[in-house]
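Structure first, commentary second.
Only the coordinates and a few stated rules stand behind these numbers; no lab work does. Predicted model only: the values in this text are computed from it and were never measured. Every residue, glycine among them, receives a Cβ derived from its backbone with ideal geometry; neighbour counts consider all protein chains shown.
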Amino acid sequence: MLGELEYLLISAAARLGEDAYGVSIRNDVESTTGRRCSTGALYTTLDRMETKGLIETWMGEATPRRGGRPKRMVRVTAKGVDAAREFYDAVSAVSRGVSWAANRAGSPS
Amino acid sequence: MTRVCRKLVDLAARALEQDERDAVLGDFAEHGMTGPRALREVIGLVARRQAELWKRPQPWVALLGVALPVGMLLSRVAPIGTVLIHAGVFWSHGVRYRTGMTIAEEITVFACHTIAVLFWSWCAGWALGSMSRRTAWVNGFLFCVVASLFAQPYVVMYLPKLPLLALLVLLPCVLGVRQGRRLGGLGRRDALLCGLALAAVLLSTTWTGGWPRAAVVRWSEGAYQARAPGRRA
């Protein structure tokens, strides 16, 4: 099963779609969770997920805004989608009946 | 401050693979991340990458099989520390130690052991570079530290001379690491030449290694040998 950070990154990449790359994923995770995501944690986790076949990465175009350096683009694979769904189902299942999950908008019933 | 940090960030990022370096430095530029935070971030990533590499056996084989034992042997076998201290004293005060050897013998001992230290340091660096490319700099650094700090105990009394000793080990080691990383393994002919050179250096140090002690024995007319530890008068 996915780890917590893996799930956060895979969700951010899926939400961003074609615009998923290092900075955008990091910004998405930080704004959504309110937690800091370090460069080290981001890139080592992306590597680990790529090794597991959960995502694909490739070097994108270089832009002047980035000092002429390319982006590392990210795409979630079908295996990654399955793993994320499995993680979500597991978290939803174990959250049933607990006080912090009850009566929350979007919480599984 | 920012310029220094930028240079340090670039320097630290050189430990990363080319693609990752570009992606990370591009992210910093886009994010507007500069100064100490960028430095902290890149050092964090480099540390995580190194930690991952050290989970494999190759870096440990290079460390325990080459860097530490060769470094310690190098510091023990070659009396280069003594020779350097004598040379340093002569250079700064114009006084020559009375070693009992002739000048020709001293120059021969100095030349043989200097060549040995340079060549063995290069060999160790080359072995580290070709065995485990991405951890070679960490292992090379440890090798130099061990070779310098474990040198004969009395060298520690002459700490100002240690940088010179480190330089003799450091420069050829860095050169060896760079060549080892670039070339990988040696061809048969080069390996044979390297083996012959190693044997020649070993023979020359063995041949001249006993000269300083023999000179003292000769100078003391045998008294030094008679009073040597573990020997009955």
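Do the conditions hold for A:ALA78, that is, is it without any contact (Cβ under 8 Å) to a residue 12 or more places away in the chain, within 29 Å of B:GLY26 (Cβ to Cβ) and aliphatic (A, V, I, L, M)? Yes; evaluated as a whole, the condition is true for this residue. Checked against (1) within 30 Å of B:ALA15 (Cβ to Cβ); (2) more than 15 Å from the chain's Cα centre (by Cα); (3) of a type outside the set (A, V, I, L, M); (4) more than 14 Å from chain B (Cβ to nearest Cβ), A:GLY67 passes all but a single condition, namely (4). Note on region B:21-55: residues that are away from chain A (no Cβ under 12 Å) and in contact (Cβ under 8 Å) with a residue 40 or more places away in the chain total 1.
Which residue is farthest from the other protein chains (Cβ to nearest Cβ), if the candidates are limited to region A:35-64 and must be in contact with a Ser or Thr (Cβ under 8 Å, 6 or more places away or on another chain) and crowded, with 17+ Cβ neighbours inside 10 Å? If we take residues in region A:35-64 being in contact with a Ser or Thr (Cβ under 8 Å, 6 or more places away or on another chain) and crowded, with 17+ Cβ neighbours inside 10 Å, then A:LEU54 is farthest from the other protein chains (Cβ to nearest Cβ).
Any idea which residue in region B:1-19 is surrounded by the most Cβ atoms within 10 Å (Cβ to Cβ), counting only those that are touching a residue at least 12 places away in the same chain (Cβ under 8 Å) and closer than 14 Å to B:ALA47 by Cα?
To start, the set of residues in region B:1-19 that are touching a residue at least 12 places away in the same chain (Cβ under 8 Å) comprises B:1-2, B:5-6, B:8-10, B:12-13, B:15-16.
Narrowing further to those that are closer than 14 Å to B:ALA47 by Cα: B:9, B:12-13, B:15-16.
Details: B:VAL9: 23, B:ALA12: 20, B:ALA13: 20, B:ALA15: 18, B:LEU16: 19.
By that ranking, first place goes to B:VAL9.
From the list A:GLY60, A:GLY40, A:GLY80, exactly one residue is within 30 Å of B:GLN50 (Cβ to Cβ), in a helix (DSSP H, G or I) and more than 14 Å from the chain's Cα centre (by Cα). Which is it?
Values: A:GLY60 fails: in a helix (DSSP H, G or I); A:GLY80 fails: more than 14 Å from the chain's Cα centre (by Cα).
From the options A:GLY60, A:GLY40, A:GLY80, the qualifying one is A:GLY40.
Residues in region A:2-34 that are touching a Leu at 6+ places or on another chain (Cβ under 9 Å) and within 12 Å of chain B (Cβ to nearest Cβ): A:GLY22, A:SER24, A:ILE25, A:ARG26.
Residue-by-condition table, conditions (1) of a type in the set (S, T, N, Q); (2) in contact with a Leu (Cβ under 8 Å, 6 or more places away or on another chain):
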{"position": "A:ARG36", "(1), (2)": "no, no"}
{"position": "A:TYR43", "(1), (2)": "no, yes"}
{"position": "A:THR51", "(1), (2)": "yes, no"}
{"position": "A:TRP58", "(1), (2)": "no, no"}
{"position": "A:ALA78", "(1), (2)": "no, no"}
{"position": "A:PHE87", "(1), (2)": "no, yes"}
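Spot the failing condition for A:ALA90; the list is (1) away from chain B (no Cβ under 14 Å); (2) within 13 Å of the chain's Cα centre (by Cα); (3) not acidic (Asp, Glu), and only one is missed. So A:ALA90 meets the others, but not (2).
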